[in-house]
Amino acid sequence: MNHPIRYSFGADEHLFAEVSESMSLEAFFKGMAVTRAVEQLALDGVLDVCLANASFQIRFDPDRIAPDTLLQAVKNAEAGAIAEHRLHTRIIEIPVLYNDPWTHETLMRFRDRHQDPSVTDLQYAARINGLADVDAFIAAHSGAPWFVSMVGFVAGLPFMFQMVERERQLQVPKYLRPRTDTPKLTLGHGGCFGCIYSVRGAGGYQMFGVTPAPIYDPEQKLAYLKDHMVFFRPGDIVQFKPIDRETYDQALAEVAAGRFDLRIRPIEFSLDEFMDDPVGYPRSLQEVLA
Amino acid sequence: MIKVLKPGLATSVQDLGREGYYHLGIPPSGALDQYALAAANHLVGNPAGAAALECTLLGPELGFAQDALVAVCGAHMTAHVDGVPMHADTAFAVRSGQVLRFDFPTAGARAYLAVAGGIDVPLVLGSRSTYALGALGGFAGRRLLAGDQLPVGIASGNSHAGASLPMALRQSLGGEIILRMVPGLYYHRLSDTAAQSFFAEPWTVGSEADRIGYRFKGASALSFEPREQPFGAGSDPSNIVDSCYPIGSIQVPAGLEPIVLHRDAVSGGGYAMIGTVISADLDLIGQMQPNQKARFVEVTLEEALQARRSYKKRLSCLSRLFPCGVEDIARA
């Protein structure tokens, strides 16, 4: 993780920066440190600082800041940024109806685009990850918290990276050809990343379930969306909680009534403590929600 | 007020777009042809960035419930008012009760219909542009539908029917388009053969061409150098660990058909990008029709900046010709 960041201009309006070719929490933390340092410079002409999993991008107006000036400022920020290994953030419990009827209907509709049309996405994911069955997969998926390492693709969609050792990371390929439809608030998975589809639309990730909790709403109807129409930020920690159909329907009714709320707690995450004890440390985070 | 009688294929309210929310997955949106939007606005006495209607391929049919000064720029698709054809790139008056409709485009893909006073939808995150994927901005966060009633703002009174773009400031559309791009991002992952054929062969706009991006087909597949894929990147050689996508970036899923992202871009994903179309040429993409041909030409960042200066100069010629205020007239 000590090699320098690779910079490349996306023509005249973007500076692209690859922290690492491969995904790791260290790469994410380094990207976060540099982008925060760049944000603090409040450079005139910087339009948007976009953090991704193991990279970042700066959208800028070259009429206000010369590309070379920006590059030099970012390189200086990189040199001065101490990859902070502690992060003040929040842990959020997201209820999930795994194996739900809506993603099931959708995945059956697009079976011809899947690696194994004879089984469901969950059955396929369980098998190729060497887990006994769907229940074992759900237990692994909801067994350890996830780090939001990027927000994007479409408005407010979180990419998430599970807090487990690399050998235990759940990995699945994307669909052979992307679907043209994905139900809103579907839990997806592609490569080593989980996601929640914030809106209905195209998608290529495997589909495992749905959450009743809106995470993007331009009308900002729920309490936790009052600050911003986009709920997630990189650095958020997510714990999935399996729920049954009855609880799901009840939550939906609360959403409709504008009463639904999420369990959210402030938390301090330590990368070093996680690296030292990748099994025990995430459990201590889960306890904050108990 | 303007009533939408027929919505057309994909008509939406757009201004110059919103900046500052791409890190949350909300793209800039705004007119795909920013020059045409500015031109139409200037002709009716609006600021360059007033909200107008972006009318794609098959235009809408609009019933005017008020008198209005209107101009259409961009794609060559003649507007008719109660059946009478109007000149393009020229302001014209529409009276309350009249109906405006469009012919099919003879060149270009997007016409911009500006109304004096602008389309007066609410500002959302600093812009009136529609971002349909996120159901955000514009009119009800979506493309127009029959029955929609579009509010119109108060006209400046700074223009008049007959105001017209000089020939030098009109756009030439159609034919084979040259798209200048700066190689970079994951360009180094392309094989040498692919790096050559990408520029040497003409590409054709496919049927999947919309505000999110334009897919090109008809040239040789582009192979990537084989490698052991990094952790988290996915198994295909065209996969990367999901990253941000620049507006204008060119990705090549599975090495098959390049996609150039535009102003409603998905903000990130897991396909290697091989470079980025320069900002001065993004308008050209928005005016390309399916089956139109394009070639990609490699330029340096310095050349991209030079092209941007020329483009901005044309824009400033527009605003000098059509000043928005009395003081501007005195200076012009």
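Readers should treat all values here as calculations from the given coordinates under stated rules, not as data from a laboratory. Predicted model, so just to flag it, every value in this text is computed and none were measured. Note: ideal-geometry Cβ built from the backbone for every residue, glycine included; neighbour counts use all protein chains shown.
Evaluating 6.51 cos²θ - 1.76 cosθ + 1.60 at θ = phi - 60° for every residue in region A:181-197, the Karplus couplings come out as 9, 9, x, 4, 6, 6, 7, x, 8, x, x, 9, 9, x, 8, 10, 5 Hz, glycine and proline recorded as x. When the Cα positions of A:Met160, B:Gly134, A:Thr211 are compared along the charge dipole of the protein assembly as shown, B:Gly134 comes out farthest toward the positive end, with charges on each C-beta of Lys, Arg, Asp and Glu. Semi-axes of the equivalent ellipsoid of chain B are 37, 20, 18 Å, computed as sqrt(5λ) over the eigenvalues of the C-alpha gyration tensor in descending order. Farthest toward the positive end of the dipole of the protein assembly as shown, out of B:Gly30, A:Tyr175, B:His87, is the Cα of B:His87, where the dipole comes from beta carbon charges about the Cα centre.
Note on region A:218-290: Rg/Rh from Cα positions, Kirkwood definition for Rh, rounded to two decimals, is 1.05. Short to long, the 5 Å bins of the Cα pair-distance histogram for region A:22-108 hold 3, 12, 18, 17, 12, 9, 9, 7, 6, 6, 1 percent of all pairs.
Given C-alpha coordinates of region B:90-222, what is the ratio Rg to Rh with the Kirkwood estimate of Rh? The partial results should precede the final answer.
Numbers: Rg = 20.6 Å, Rh = 19.5 Å.
Taking Rg over the Kirkwood Rh, I get 1.06.
Expressed as a fraction of 2.2 N^0.38 Å, the C-alpha radius of gyration for region B:177-299 is 0.97. Of the residues B:Gly117, A:Thr103, A:Ala27, the one whose Cα sits farthest towards the positive end of the charge dipole of the protein assembly as shown is B:Gly117 (charges of +1 on Lys and Arg Cβ, -1 on Asp and Glu Cβ, taken about the Cα centre). Above 37 Å, the calculated P(r) of chain A contains 16 percent of its Cα-Cα pairs.
Where Lys and Arg each count +1 and Asp and Glu each count -1, what net charge lies around B:Asp82 among other residues with Cβ under 13 Å from its Cβ? Walk me through the numbers before you get to the answer.
Numbers: positive: B:Arg95, B:Arg101; negative: B:Glu61.
Summing Lys/Arg as +1 and Asp/Glu as -1 gives +1.
Write down the Å³ per residue value for the convex hull defined by the alpha carbon atoms of region B:26-85. Please list the in-between numbers first.
Working: hull volume 7.0 nm³, N = 60.
Value for region B:26-85: 117 Å³ per residue.
Span-like helix check, chain B: qualifying full DSSP H segments, with Cα axial length of 27 Å or more and mean Kyte-Doolittle of -1.0 or more, are B:301-321. With only Cα atoms counted, region B:166-210 has Rg and Dmax values of 15.1, 46 Å.
Backbone phi angles across region A:138-145, fed through the Karplus curve with coefficients 6.51, -1.76 and 1.60 (θ = phi - 60°), yield HN-Hα couplings of 4, 4, 5, 5, 9, x, 9, x Hz in residue order; Gly and Pro are listed as x. The sum of -39500 (n - 2.57) across all DSSP H runs of n ≥ 4, divided by the residue count of the protein assembly as shown, sets its helix-only mean residue ellipticity at 222 nm to -6500 deg cm²/dmol.
Once fully extended, how much extra length lies between A:Gln40 and A:Tyr7, figured as 0.36 nm per residue of separation less the alpha-carbon to alpha-carbon distance? Could the numbers behind the result be given before it?
Details: separation 33, 0.36 × 33 = 11.88 nm, distance 1.97 nm.
Between A:Gln40 and A:Tyr7, full extension yields 9.9 nm more.
Note down the Stokes-Einstein diffusion coefficient of region A:159-209 in µm²/s, whole number, using a Kirkwood radius over alpha carbon pairs, 10 °C, and 1.306 mPa s. Calculated translational D: 142 µm²/s.
Would you calculate the convex hull of the Cα atoms in region A:91-159 and tell me its volume per residue in Å³? Dividing the Cα hull volume of region A:91-159 by its residues yields 131 Å³. For the segment B:264-271, counting C-beta atoms of other chains within 10 Å of every residue's C-beta and taking the mean gives 6. The amide H of B:Arg180, built 1.01 Å from its N in the peptide plane, has B:Ile278, B:Val297 as neighbours under 5 Å, considering only residues 5 or more places off or on other chains.
Taking only the Cα atoms of the protein assembly as shown, the radius of gyration and Dmax are 25.1, 80 Å.
Among A:200-211, A:236-247, B:105-116, sorting by the average number of other beta carbon atoms lying within 10 angstrom of each residue, highest first, gives B:105-116, A:200-211, A:236-247.
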